[in-house]
Amino acid sequence: MSNLKALFIGGSGRISTSCVREAVRQGIEVTVLNRGADKTRVLPEGVTRLTGDSNDPESVLAAIGDEHYDAVVNWVNFVPEQVQRDIEVFTGRCGQYVFISSASAYQTPPARMPVVESTPLKNPYWQYSRDKIACEELLVEAYRNDDFPMTIVRPSHTYDETMLPFDGGWTVIERMRAGRPVVVPGDGTTLWTITHSRDFAVGFTGLLGKEAAIGEPFHITGDEAPTWNQIYRRLAEAAGVPDPELVHVASDAIAAADPDWGAGLLGDKAHTMIFDNTKIKTLVPEFGRSTTPFKEGAREVVAWYDAHPEHKVVVPEVDALMDRLAAAYAPRAL
């Protein structure tokens, strides 16, 4: 059993909740600080809960008092200003500070695969990724100049039972079940690494308190990389739709119709991404020994939605956009 003390800022998201559960399972003393708003995911017993606003240093300091943590993990930092506040708050208050970056920060599209931690960070397409890169650069400088004990973690596409891993969410499944066409970006043959959050949690939790992780970046991803066609079809199968009608639309065309959707495609999902997980497996050997195949994960996701009908939200704007795109690119589909 571990005697580590960890503070998770956030802790109720699709990745962080699984990490809280795994940390508790491993005997880590976990404290979660958030605004207490998300009721979708249930945290395990034994977690200490604090209420505070991570964007307000005074609120954080009032919540944690004089406590010192072996590891502090901030799940909700996205821009350098937030990271700078954390550096100021947690200098001298933790043995390790873990920043959750993103694998979308890697060179996009990658010049070589599989992607490794030394792959250049460069994403000219997506502001979200550029902000994560700037956060990383700030932490690297703090580590080099001031010995700030940071570790950088780069998740790729990570899902749990509450998340449908494509744009459009439940609207897509509802259309499949109704026999209506759904839009798949590109030709659907791009290989896409997808990871269940409980698998990610094993690798992530293994980094906490590890001196060898200080100053280092790690991506933590699964080794399974189905095509987008396979992702849509496995979810359709889980939803009881053996032959979904998939309409393939170029990512550029989707971006022209919906810039927000397009930014995430051109800056991330439109490109094949395969990762070499040697670094995390070397430091955390138990990572990857038992993983969740996406076919199984897809069944869990659909079952969760069927058991929680209040989350079966059809977004009218997404529904109408898919109608327009399907009509334009597969005129006989409607």
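Of the strands (runs of 3 or more DSSP E) lying entirely inside the range 97-160, those containing at least 2 residues that are closer than 17 Å to Val79 by Cα are 97-100, 150-155. If you go through the range 52-60 one residue at a time, do you hit one that is surrounded by 14 or more Cβ atoms within 10 Å (Cβ to Cβ), within 21 Å of Gly95 (Cβ to Cβ) and β-branched (Val, Ile, Thr)? The answer is yes, given that some residue of the range 52-60 is surrounded by 14 or more Cβ atoms within 10 Å (Cβ to Cβ), within 21 Å of Gly95 (Cβ to Cβ) and β-branched (Val, Ile, Thr). Among the residues of the range 83-111, the ones that are polar (S, T, N, Q) and crowded, with 17+ Cβ neighbours inside 10 Å come to 5 in all.
Residues of the range 5-29 being under 16 Å from the mean Cα position of the chain (by Cα) and under 23 Å from Asp66 (Cα atoms), which ones? Listed by number, the residues that qualify are Phe8, Ile9, Gly10, Gly11, Val20.
Take the residues in the range 30-60 that are among the β-branched types (Val, Ile, Thr) and part of a loop (DSSP other than H, G, I, E, B), then tell me which one is farthest from the chain's Cα centre (by Cα). Spell out how you get there, then give the answer.
If we filter the range 30-60 for residues that are among the β-branched types (Val, Ile, Thr), which is where we start, we get 30-32, 40, 42, 47-48, 51, 60.
Narrowing the set further to residues that are part of a loop (DSSP other than H, G, I, E, B) leaves 40, 42, 47.
Working: Thr40: 16, Val42: 18, Val47: 22 Å.
If we take residues in the range 30-60 being among the β-branched types (Val, Ile, Thr) and part of a loop (DSSP other than H, G, I, E, B), then Val47 is farthest from the chain's Cα centre (by Cα).
Picking from residues in the range 201-237 that are among the β-branched types (Val, Ile, Thr) and under 20 Å from Met176 (Cα atoms), the one that is surrounded by the most Cβ atoms within 10 Å (Cβ to Cβ) is Ile231. Tell me the residue from Gly267, Gly262, Gly240, Gly288 that is modelled with pLDDT under 95 and more than 28 Å from Val202 (Cα to Cα), please. One residue alone meets the criteria, Gly262. Here's a check for you: in the range 194-208, which residue that is among the hydrophobic types (A, V, I, L, M, F, W, C) and not in a helix (DSSP H, G or I) is nearest to the chain's Cα centre (by Cα)? It comes out as Ile194. Close contacts from the range 211-226, counting a first residue that is touching a residue at least 24 places away in the same chain (Cβ under 8 Å) and a second that is of a type outside the set (S, T, N, Q) and in a loop (DSSP other than H, G, I, E, B), with Cβ to Cβ under 7 Å and a gap of 6+ residues or different chains, come to Ile214/Pro149; Pro217/Glu117; Phe218/Glu117; His219/Glu117; Asp223/Gly288; Glu224/Pro293; Ala225/Ile274. Going by the structure shown, is Glu216 over 22 Å from the mean Cα position of the chain (by Cα) and outside the structural domain of Val318 (by TED's automatic domain parsing)? The answer is no for Glu216.
Checking the condition basic (Lys, Arg), crowded, with 23+ Cβ neighbours inside 10 Å and in the same structural domain as Ile133 (by TED's automatic domain parsing), which residue from Arg154, Arg175 passes? Of Arg154, Arg175, the one residue that is basic (Lys, Arg), crowded, with 23+ Cβ neighbours inside 10 Å and in the same structural domain as Ile133 (by TED's automatic domain parsing) is Arg154. Being over 22 Å from Ser156 (Cβ atoms), outside any helix (DSSP H, G or I) and either acidic (Asp, Glu) or touching a helix residue (DSSP H, G or I) at 6+ places or on another chain (Cβ under 8 Å) (or both) is a property that holds for Val313. Pick from Ala111, Ala134, Ala105: which is without any contact (Cβ under 8 Å) to a residue 60 or more places away in the chain and touching a Ser or Thr at 6+ places or on another chain (Cβ under 6 Å)? None of the other options fit; the residue is Ala105.
Which is buried (at least 20 other Cβ atoms within 10 Å of the Cβ), part of a loop (DSSP other than H, G, I, E, B) and of a type outside the set (Phe, Trp, Tyr), of Gly13, Gly27? None of the others qualify; the one that does is Gly13.
Tallying residues that are β-branched (Val, Ile, Thr), under 22 Å from the mean Cα position of the chain (by Cα) and within 23 Å of Arg233 (Cα to Cα) within the range 247-288 yields 2.
One line per residue, one yes/no per condition, for (1) in contact (Cβ under 8 Å) with a residue 24 or more places away in the chain; (2) more than 21 Å from the chain's Cα centre (by Cα):
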| position | (1), (2) |
| --- | --- |
| Asn123 | yes, no |
| Glu141 | no, yes |
| Gly168 | yes, no |
| Gly179 | yes, yes |
| Gly186 | yes, yes |
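The values are calculated or read from the model by the stated rules, or taken from the named source; none is laboratory data. Since the model is a prediction, treat every value here as computed from it, not as a measurement. Glycine gets a Cβ as well: all are built from the backbone with ideal geometry, and neighbour counts include every protein chain shown.
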